[in-house]
Amino acid sequence: MATKRPASAHKNAVKQLLDADSLLELLETAKSCPRTPEGNLEFSAYQNKVFERIFPGFTYQFCATSQVSLSEKGEMLDLNTVSWNLPDECIQSYMVHGHLDELSPMVYANPGRALNYTYVCRHERVEEHPFFIEHCHKFGIHHAISVGFLHPGHESTFLSFDYLGDENNIDWVPFNHIKIELASFPFALAWLYRAGIFDESKLRKMFLLLQGLTESRLLNLRKYINASLQSFDQQANDLGIRASTLKEDLALIRNSTMYKLNLTVPENRNTPTRLLDQHFGFLLMLGDHTAPLIETLNKAAH
C-alpha cells in the first residue's frame with residue numbers, strides 16, 4: 001500500500017531526476033534496453049523504479065506506454081502499447097471498451113498535462129464510471145493518471161503514459177500532477193529516441209540542456225516557451241511570480257546554456273529570449289501548464 005508522505009518529501013524530486021548522473025543513467029538505459037517487446041518492458045520497469053526513487057511513498061502498479069495516431073476528429077487510427085505488469089488481454093479489452101474512456105481525449109487535447117478521472121467525474125464516482133466497471137476492474141486497475149506528449153512535427157500523434165494503481169493505492173488524487181508532468185518528460189524524450197524520432201545526438205543535447213534545472217526554473221522556462229504571445233508581465237502573473245524574477249531566471253538559464261553549448265554569443269541580459277527559443281523549442285511538447293484545460297481535441301484545434 002502506498003504510504004502518505006508530506007509534500008516536502010518530493011520537493012527536490014524533479015531536480016534529482018535532472019541531475020547529470022541521473023540523466024546519463026536514463027540515456028544509457030534507453031540505449032542498452034533492446035528495442036524489442038521484452039526490451040520495452042524492461043525500460044518501462046526502469047521508469048517505474050526511477051519514479052519510486054524520486055517520489056517516496058508514491059508508486060504505480062501498472063503502466064501503459066502508448067503511441068497513438070488520431071484522425072482530425074479525434075478518432076483512433078493506430079495504437080501501439082507497451083503494457084507493463086498487465087496481460088495482453090488488457091489491450092484487447094481496451095479496443096472493445098475504449099469508447100467508454102473519457103479521459104484520453106482530454107489528455108490528447110492538453111499535451112503535457114497529467115490528468116486523472118476526477119477531471120471527468122467526482123472522486124467518489126470514479127470507481128462507478130463505465131470505463132472502470134467494464135474494463136479497468138477486470139485487471140485490478142482502480143486509479144489512473146495519464147499524460148500525453150505530441151510527437152515533434154506531428155499534429156495528431158502522441159506518446160502517452162497511463163500510470164495505473166491498484167485498489168490499495170490511495171495517494172493519486174492529492175499528488176502534485178505537475179511533478180508527474182515534469183518527471184515524465186525526460187522519459188518521453190527517451191521513448192521517442194527508442195522509437196527513432198530523435199537520434200542519440202539530439203537526445204544528449206536535450207538532456208544536457210535540462211541538466212541542473214530546478215523545478216521552478218523549468219516551470220518558468222516551460223511557460224516562456226509555450227506562451228510566446230504573452231508579455232513577461234502576463235507570463236509572470238500566470239506563474240504567480242514577479243516579472244523581474246522570470247527575467248532573472250531566463251537570463252540564468254541563457255548563461256548556463258551558452259556555457260553548456262560553448263556558445264560565444266555576446267552577453268546581453270536584456271534579451272535572453274532568442275537563444276532560449278532556438279535551443280529549448282522541444283519544451284513545446286510540455287505545453288503551458290497555466291492554460292485552461294480543453295475538453296476535446298476538436299476544441300483544441302479551434
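The values are calculated or read from the model by the stated rules, or taken from the named source; none is laboratory data. Not measured: the values here are computed from a predicted model. Cβ placement follows ideal geometry from the backbone for every residue including glycine, while neighbour counts extend to all protein chains displayed.
In this structure, does ALA64 turn out to be assigned by TED's automatic domain parsing to the domain that holds TYR193, outside any helix (DSSP H, G or I) and of a type in the set (A, V, I, L, M, F, W, C)? So ALA64 passes the test.
Output yes when any residue across region 79-86 is assigned to a loop (DSSP other than H, G, I, E, B), surrounded by fewer than 17 Cβ atoms within 10 Å (Cβ to Cβ) and at negative phi, and no when none is. Spell out the reasoning first.
Taking region 79-86 as the starting set, the residues that turn out to be assigned to a loop (DSSP other than H, G, I, E, B) are 85-86.
Now restrict to residues that are surrounded by fewer than 17 Cβ atoms within 10 Å (Cβ to Cβ): none.
No, region 79-86 contains no residue that is assigned to a loop (DSSP other than H, G, I, E, B), surrounded by fewer than 17 Cβ atoms within 10 Å (Cβ to Cβ) and at negative phi.
Annotation note: Cβ proximity below 6 Å between a residue of region 148-159 that is in the same structural domain as LEU70 (by TED's automatic domain parsing) and a residue that is buried (at least 19 other Cβ atoms within 10 Å of the Cβ) and β-branched (Val, Ile, Thr) (sequence gap 6+ or interchain) occurs for GLY148/VAL107; PHE158/VAL68.
Inside region 195-216, can you point out the residues that are assigned to a helix (DSSP H, G or I) and buried (at least 18 other Cβ atoms within 10 Å of the Cβ)?
LEU203, MET206, PHE207, LEU209, LEU210, GLU215
Is there a residue being of a type outside the set (A, V, I, L, M, F, W, C), assigned by TED's automatic domain parsing to the domain that holds LEU17 and in contact (Cβ under 8 Å) with a residue 24 or more places away in the chain anywhere in region 188-199? Yes, the conditions are met somewhere in region 188-199. Give the residues of region 293-302 that are modelled with pLDDT of 60 or more and farther than 28 Å from MET206 by Cβ, sorted by residue number. GLU295, THR296, listed by residue number.
Screening the candidates PHE207, PHE175, PHE185, PHE232 for the property of being in the same structural domain as GLU25 (by TED's automatic domain parsing) and in contact with a helix residue (DSSP H, G or I) (Cβ under 7 Å, 6 or more places away or on another chain) yields one hit, PHE185.
For the subset of region 113-141 comprising residues that are in a loop (DSSP other than H, G, I, E, B) and in contact with a strand residue (DSSP E or B) (Cβ under 6 Å, 6 or more places away or on another chain), which member is farthest from ALA291 (Cα to Cα)? Restricting to residues being in a loop (DSSP other than H, G, I, E, B) and in contact with a strand residue (DSSP E or B) (Cβ under 6 Å, 6 or more places away or on another chain), the top hit is ILE141.
Kindly evaluate PHE207 against the criterion of being out of contact with any Phe, Trp or Tyr (no Cβ under 8 Å at 6 or more places or on another chain), farther than 28 Å from LYS73 by Cα and of a type in the set (Phe, Trp, Tyr). Taking the combined requirement at face value, the residue satisfies it.
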